[in-house]
1. Working from the alpha-carbon coordinates of segment 70-247, get Rg over Rh, Rh being the Kirkwood radius.
2. Expressed in nm to one decimal, what extension gain is obtained for the pair residue 234 and residue 187 from 0.36 nm per residue of sequence separation less their Cα-Cα distance?
3. Quick check: the distance between the Cα centres of segment 124-168 and segment 223-248, to the nearest angstrom?
4. Between residue 93 and residue 244, what is the spin-label point distance in nm, taking each point 7 Å from the Cα along the Cα→C-beta axis?
5. Rank-order 155-163, 115-123 by packing density, defined as the average count of other C-beta atoms within 10 Å over each peptide's residues, highest first.
6. Mind computing the radius of gyration and Dmax over the alpha-carbon atoms of segment 143-237? Å is fine for both.
7. Measuring from a point 7 Å past the Cα of residue 124 along Cα-to-C-beta, which residues in segment 73-103 have an amide N at less than 16 Å?
């Protein structure tokens with residue numbers, strides 16, 4: 001690229017709008033052609049630039065969230081670790097407590113279920129706590145009520161497993177069928193899920209999620225480290241490894 005072409009290219013990006021407006025039609029066309037040629041020849045450079053910009057922005061946002069929500073996350077982690085009444089499975093005295101914020105209609109939550117099952121199988125010192133976060137509509141809210149009502153029969157995990165393994169919709173007949181297969185008293189379940197206590201628990205889950213910046217599902221809290229979004233099994237393992245290493 002000669003100096004004249006480079007100057008035009010720089011003008012396309014650096015000159016203020018008012019200055020570019022004074023360019024002739026021929027100059028504008030020439031600049032457009034040079035820019036187009038540069039993009040075609042150096043697309044990798046532009047992609048790298050965009051990726052770097054996104055990485056910087058994500059790091060900045062992560063830092064801002066850490067400052068804003070960090071104390072709340074630490075406080076919540078301590079409360080959940082001490083609370084043995086929350087819907088959970090795994091080792092109740094495990095050194096690692098993983099909280100999952102989920103919605104039964106969330107595809108990524110279904111994928112995360114596979115990771116959680118693997119973790120429970122491979123690590124016997126982990127406790128998984130489930131926070132129903134019905135953010136995907138009325139169907140999600142209704143299913144969450146059934147889910148939390150199952151806890152009253154000490155069958156939360158059985159119901160949760162059935163729901164996560166079910167690929168279809170969650171109409172009333174399906175909920176009854178899956179509840180029965182999970183060993184639940186369906187009549188009692190229908191009565192319990194309509195109680196104000198269940199609605200209050202769901203409201204509490206939503207408020208807690210908002211207080212630590214979890215706006216969608218899935219979300220994870222591994223001890224006092226927050227992950228807003230899906231995390232693969234390897235990342236879970238690495239985080240757990242790091243946490244344990246710092247305790248030594």
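No lab work stands behind these numbers, since they all come straight from the coordinates. Quick caveat, the model's predicted, so the values are computed rather than measured. Reconstructed Cβ throughout: ideal geometry from the backbone, glycine too, with neighbour counts over all protein chains shown.
1. Rg divided by Rh gives 0.95.
2. 12.8 nm
3. Between the Cα centre of segment 124-168 and that of segment 223-248, the gap is 23 Å.
4. 1.8
5. For the peptides 155-163, 115-123, the packing ranking is 155-163, 115-123.
6. Answer for segment 143-237, Rg first and Dmax second: 15.0, 41 Å.
7. 90-96
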